[in-house]
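Each value in this text was obtained by applying a stated rule to the coordinates, not by laboratory testing. Everything numeric here is computed off the predicted structure, so don't read it as measured data. Glycine also receives a Cβ, built like all others from the backbone with ideal geometry; neighbour counts cover every protein chain displayed.
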Amino acid sequence: MAIAIGDKKSNNGERQVFLIQETWLLPLLGPEVLMMNPYTTLCDDFGVYVYLNTKMELPTARETVLHFFDAVQKAFPQMTDFDRRENGEFVLEEDREKGSYRWVTLESQRICTGYVNPPALEDADQQHERILEMAPYHLDFSPLDCEAMDVLFAFDFMFSGNHDEVVAEALGLNTTLENLLQLPGSRVINYEPSLMLSLDEACRLQSRLSIETRTNAYQIRTGQFPEAPISVYFTVRQYWGRQPFKTFGESYHNQRKICQEMVDQHIIPAVVRPLAQTIAAKQ
């Protein structure tokens, strides 16, 4: 059986998937091949994000904010684009035109760190672990102030057309609702399935699957659909206070492990692949 372990782009821009026919060959491969991101072949963009949610507002003083982002830039020198958005959020990121880039944002009650299209999951781990280590020190942030921490895998599929119709076709409606799609003149204008699960008895560790579409009624009425992403998000949230982990880094490792296991075993076969196949059939 062939095992896909990563991909790269050929000279003509086409994606090539590495397939290993014999598992005994794996020890003979170089680390740069074994560590490649296996998810980039499944969607147009893939990201690993961490959101640290606080109970109190985070510092906004000029000196404190710049001191934090200076430290981030020293750790990741290619993060050179700094800005303050209209909503007051601060953001430092790499050049998005590269396709693979890091970003960190500081919101009023949330610290966010993300890596879009990381070469390997370990690259995202390195970034998130470093930010989780730095943030409490530079922002005078105590674990006592933590509400919850989210670890999220994001899959984006670019599509020009009715997003909600594609999602409904790919994932299907409940069999008791299928007849609604057969009504004369009916068209799907909103279908964004969401599911939350508790992963422990105390409901302090939770997971959430959500799908975000970007089609509106005007586009459906006029038939003018700009190319935009359909996003699949899978999040593992750890509420803070009575968690079994002493540090944010330890909790991140546990949440990321759970997230990857559930994505590999359930989200990819049940959501990601059917959605990718349906989109491909319409293009």
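Taking the average, over residues, of other Cβ atoms within 10 Å as the packing measure, peptides 45-54, 219-228, 87-96 rank 45-54, 87-96, 219-228 from highest down. Taking the Cα centre of the chain as reference, the dipole from Cβ charges on Lys and Arg (+1) and Asp and Glu (-1) amounts to some 340 debye. Paramagnetic label reach from residue 147 (point 7 Å along Cα→Cβ; backbone nitrogen cut-off under 11 Å): within region 96-128, residues 108-111. In this structure, the amide hydrogen of residue 109, modeled 1.01 Å from its nitrogen in the peptide plane, lies closer than 5 angstrom to those of 58, counting only residues at least 5 positions away or on a different chain.
Oblate is the label for region 74-148. Its Cα gyration tensor axes, ordered a ≥ b ≥ c, give a/c of at least 1.5 and b/c at or above a/b.
Taking amide H positions as modeled 1.01 Å from N, with prolines and chain starts lacking one, the residues under 5 Å from residue 117 and 5 or more places away or on another chain are 46, 47, 48. Between the Cα long axis of helix 62-75 and the first principal axis of the chain there is an angle of about 70°, rounded to the nearest 10. The mean sequence distance of close C-alpha pairs (under 8 Å, at least 6 residues apart), as a share of the length of region 174-283, puts its relative contact order at 18 percent. Helical runs assigned H by DSSP (4 residues or longer) give the chain a calculated mean residue ellipticity at 222 nm of -8000 deg cm²/dmol, each run adding -39500 (n - 2.57) before division by the residue total.
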